[in-house]
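**Q** The structure follows.
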Amino acid sequence: MKKISIFILTAFTTVLLSSCTDTTDTFAVSDTAPVVLSDLTITDIELDPVNINNPAITLNWTLADYGQQASINYNIQIASDEAFSNATTVATINGNNVATLSISELNSAAGLVGLPPFAWNTLYARVTSSLGTQNGLPVASNSINFNVYPYFNYKFSDYYLVGDATAPDWNNNNNNNPLFRDGSNAKKYYYTGYFKAAQFKVLETKGLWQPQWGTNDKATIEVNPGGGTDPGTFPNNNSSIATAGFYAFTIDFSSKTYTFESFDASGAASYTGMSIQGSASTTTAMTQSTFDSHIWYLSSTHLVPGNLQFKTNTDAVWAGSTEFSGQATLNGGNIPVVVEDDYEVWFNDLDGRYILIPLNL
């Protein structure tokens, strides 16, 4: 038996005298028996990547009884093992005993607990009841399991350079150089390389002028999502780069800030060849940019789940540890490729940054 104390201050006021009396009321709550989560009517669920807002599963359970009328929370947890060692909470329901998860929500949960896409695997679900805003006296239900076939959810945004300071000039679909996304901060991007004495902007989709990113105040970034007044250009609100050369451009879409600074490339290695290799691909020679010899790319190459490295003409090997994008180092291990698709692959040997952009996901 648990006791929760509630303190009530009661004031009695008369014409001549005011006084306050503190009284303490208590009520007792008991540990509830675990709620019972019902089995699903189906056990095999193939998740549809097209109709992602359609319902995937509906969960039903009995109501908890803590011995008092109180605000009861029900946390729905999903895991890849029966011990719920890597559980993720996908929804919290208050005062009700039914919840429906959409295809998108269930697919996201499958990814969060480590299930690979395009393969049948088992998920486990349970409901944990608790009291109040502090989730007191949590009690977990029985678990149920079912099989899911997740699709791949590419959750990243990609951005591209455009402008007469850059290789594609003012052409929005001319093998535009992508910005290199940080391996651990999906809102932060980099581009270190050669720029002409001119201007540039950032696009979200090759072939489209909107949304486009620039600056109006020389410090923060602005976007024109679909018409209207376009933002000013980088690096300095419609002012051109003073001198052609190497610069480091960093843009943070969470803080809406950017930096553009000179970069000393005088000590950088000068490679004449670069290839991708590893279990994710056959060894394939990359194309060297004619605009900036430190930029290497493949416009489209087929990759399968496995690992990837960049190998130079000197047999030096560059690799990182984060999927889709990150920063490679010499003899840095293996870049994981987690899903089969055709990819646009870019590598910058000035700072080791790489990005693998799936073309069909």
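**Q** Rounded to the nearest 500 deg cm²/dmol, what is the calculated helix-only ellipticity per residue at 222 nm for the chain, with -39500 (n - 2.57) per DSSP H run of length n ≥ 4?
**A** My calculation for the chain gives -1000 deg cm²/dmol from helical runs alone.
**Q** Sorted by accessible area (1.4 Å probe), largest first, how do ARG181, ARG353, ARG126 line up?
**A** Working: ARG181 0, ARG353 25, ARG126 55 Å².
I get ARG126, ARG353, ARG181, largest accessible area first.
**Q** Need the full-extension length gain, ASP65 to ASN153, defined as separation in residues times 0.36 nm minus the C-alpha distance. One decimal, nm.
**A** 27.8 nm
**Q** Which of VAL50, GLY232, ASN172 sits closest to the plus end of the dipole of the chain, meaning its Cα is farthest towards the positive end, when Lys and Arg get +1 and Asp and Glu get -1 on the C-beta?
**A** Working it through, the farthest residue towards the positive pole turns out to be GLY232.
**Q** Here is a further query. Amide H neighbours of GLY67 under 5 Å, at least 5 residues apart or on other chains, H built in the peptide plane: list them.
**A** SER30
**Q** So who's got an amide H within less than 5 Å of the one on TYR149, skipping anything under 5 residues away but keeping other chains? H placed 1.01 Å off N, in plane.
**A** Correct list: ILE45, GLU46, LEU47.
**Q** Can I ask one more? Ignoring ligands, DNA and RNA, please state the percent of accessible area on the chain from carbon and sulfur, probe 1.4 Å.
**A** Whole-percent figure for carbon plus sulfur exposure: 48.
**Q** Looking only at the range 28-179, where both bridge partners belong to it, what percent of the DSSP beta bridges are antiparallel (to the nearest 5)?
**A** 90
**Q** So what is the accessible area of the range 114-228 per residue, in Å², with the probe set to 1.4 Å?
**A** 42
**Q** Moving on. Students often forget the sequence filter, so: which aspartates and glutamates lie under 18 Å Cα-Cα from LYS188 once same-chain residues fewer than 8 apart are removed?
**A** ASP158, GLU204, GLU222, ASP252, GLU261, GLU323, ASP351
**Q** Continuing with the same structure: For the pairs LYS187/LYS218; LYS196/LYS311; LYS187/LYS311; LYS155/LYS311, flag any whose C-alpha to C-alpha distance is greater than 25 Å.
**A** LYS196/LYS311; LYS187/LYS311; LYS155/LYS311
**Q** Kindly report, to the nearest 10 Å², the accessible surface of THR272 as traced by a 1.4 Å probe over protein heavy atoms only.
**A** Probe radius 1.4 Å; accessible area of THR272 about 110 Å².
**Q** Next up: Helix 103-112: angle to the longest alpha-carbon principal axis of the chain, degrees 0 to 90, nearest 10?
**A** Here the helix axis deviates by roughly 80 degrees.
The values are calculated or read from the model by the stated rules, or taken from the named source; none is laboratory data. Computed from a predicted structure; not experimentally measured. Cβ atoms come from the backbone with ideal geometry, glycine included; neighbour counts cover every protein chain shown. Side chains included, ligands, DNA and RNA excluded: accessible areas come from the protein's heavy atoms. Shrake-Rupley method; radii C 1.70, N 1.55, O 1.52, S 1.80 Å.
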